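Contents: one structure, followed by commentary.
The values are calculated or read from the model by the stated rules, or taken from the named source; none is laboratory data. Keep in mind that what you see is a predicted model, and the values were worked out from it rather than measured. No Cβ is skipped: glycine too gets one built from the backbone with ideal geometry, and neighbour counts run over all protein chains shown.
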Amino acid sequence: MKRYFYDPARVSPASFLRGSGIPVYLYGMGNGAEKAFAYLRRCGLSPSGVFASDGYVRGQTFAGFPVLSLSDVAKKEPEGFAAIVSFGCSGAEARLLFARVEAAGGIVFVPDLPLFGEEWTDEAFLAEHEDEISRARSLFRDPLSLTLFDALLRCKRTETPADLFRAAAPQERLYALIEPDSVRKAVDGGAYRGDTAKEMIARFPSLRELYCFEPDPASFSRLQSLSSERVRLCFYPVGLSSRDDELPFSGGGNRGAHFGEGGKTLAKTCALDSLPEAAGCDYIKLDVEGCERDALLGARELIRRDRPALAVSVYHRAKDFFSLPLLIAELCPAYRFYLSRADVCPAWDVILTAVPNEKWKGDVSHE
């Protein structure tokens, strides 16, 4: 029989993990596990071990621990254990995996571990930024975005799978809020291999020019194979930022390629305001691995002058989900704000869609 019970209404995750004496195990390996180790150190905890799902253990070690199977941990900790999730997957897969952990006597925690930066969304962080969070929330007027905002805030506080799974709303509905024929020129920041560029071409029938920015050489090579009979495609092997520069970069041809300290190569950045061809842009998508704030600042004049619709990732850094809506509202007040998030684990793929009044297609009575 399990002797541990976590009630998120009564105690924070860190306080429970410290005060209960529950054995703590990292669930998963890789970069996520490294961040989870740092999370536990901040909580004043040391893990009892590392485990993976049954069938994924082949004699590996991680951070000096032999990687156990879930079955091994269940046998070792018959009175229960805490599983700190340190990997990403779809919501459907996570539900299945977490159910197995709970059936084995585990309590699953999904801490909010931002992909970039040194800040963490613990209780102290949320208390420090309470006013900004409240002001950001007031920017959203439609019920689904407000529900999602509150659910995201709750799952960041409780770290429970139940709250995480409640924090999902499809992005599909947001495309219907933008007048499709209003988008003739667009920017794809963080174009990767062209997946979102293809989506823009399909969704905006009047699109004629699309400017794609991707600093990772391997991904850029794949991106250049994209073609369209209707849309003029322009490819730039640079990242979007607040200025034209050359910065440390970590590549590798995957979605996690990013600028920042520790990068083994240098890659160029540019500001959209410095590119004459970007003037008159109608739509900007930014998924630039933690550089979203800088990219918005580098497009401040374009945003104020041309008021493009915006689709911005707001999950790479701890402050993004409240600081980036506030930044856009400061740059140009004439926007309507909406949130969406894919059903994934952890709380990634949060997209802020900001639609200027003149491009908005909807019924204000629904807000």
Query raised in the report: Which residue, of ASP163, ASP122, ASP142, ASP181, is within 17 Å of CYS345 (Cα to Cα) and in contact (Cβ under 8 Å) with a residue 24 or more places away in the chain?
Result: ASP163
Query raised in the report: Can you name the residue in the range 195-239 that is in contact with a helix residue (DSSP H, G or I) (Cβ under 7 Å, 6 or more places away or on another chain) and crowded, with 22+ Cβ neighbours inside 10 Å and is also nearest to THR265 (Cα to Cα) among such residues?
Result: GLU214
Report summary line: Of (1) in a helix (DSSP H, G or I); (2) outside the structural domain of PHE81 (by TED's automatic domain parsing); (3) not β-branched (Val, Ile, Thr), PRO8 fails just (1)
Query raised in the report: Looking only at the range 105-136, which residues are modelled with pLDDT of 95 or more, part of a helix (DSSP H, G or I) and under 18 Å from the mean Cα position of the chain (by Cα)?
Result: ILE133, ALA136
Report task. At least 1 residues that are within 17 Å of the chain's Cα centre (by Cα), aromatic (Phe, Trp, Tyr) and at negative phi in each: list the helices (runs of 4 or more DSSP H) lying fully within the range 138-183 that qualify. Result -> 143-158, 161-166
Requested in this report: Given the conditions (1) at pLDDT 95 or above; (2) touching a strand residue (DSSP E or B) at 6+ places or on another chain (Cβ under 6 Å), report the number of the one that LYS359 does not fulfil.
Outcome: (1)
Query - Residue, surrounded by the most Cβ atoms within 10 Å (Cβ to Cβ), within the range 12-56, restricted to residues that are among the hydrophobic types (A, V, I, L, M, F, W, C) and either assigned by TED's automatic domain parsing to the domain that holds HIS258 or in a helix (DSSP H, G or I) (or both) - result: ALA36
Query raised in the report: Can you name the helices (runs of 4 or more DSSP H) wholly within the range 272-342 that have at least 2 residues being of a type outside the set (Asp, Glu) and either touching a Phe, Trp or Tyr at 6+ places or on another chain (Cβ under 8 Å) or closer than 20 Å to ASP112 by Cβ (or both)?
Result: 320-331
Query - Any chance PHE37 is over 21 Å from GLU123 (Cα atoms) and under 27 Å from the mean Cα position of the chain (by Cα) - result: no
Query raised in the report: Any chance the range 30-46 includes a residue that's at pLDDT 90 or above, more than 27 Å from ASN254 (Cβ to Cβ) and touching a Lys or Arg at 6+ places or on another chain (Cβ under 9 Å)?
Result: yes
Report summary line: So, first residue among the aromatic types (Phe, Trp, Tyr) in the range 315-333, second residue part of a helix (DSSP H, G or I), Cβ within less than 6 Å, six or more apart or across chains; the pairs are PHE322/GLU132; PHE322/ILE133; PHE322/ALA136
Query raised in the report: Which condition does LEU207 not pass, out of (1) modelled with pLDDT under 90; (2) assigned to a loop (DSSP other than H, G, I, E, B), if it passes all the others?
Result: (1)
Report task. Return the total of residues in the range 67-119 being touching a residue at least 60 places away in the same chain (Cβ under 8 Å), closer than 21 Å to ASP7 by Cα and of a type in the set (Asp, Glu). Result -> 2
Query raised in the report: Mind checking which residues of the range 233-266 are at pLDDT 90 or above and small (Gly, Ala, Ser)?
Result: GLY239, SER241, SER242
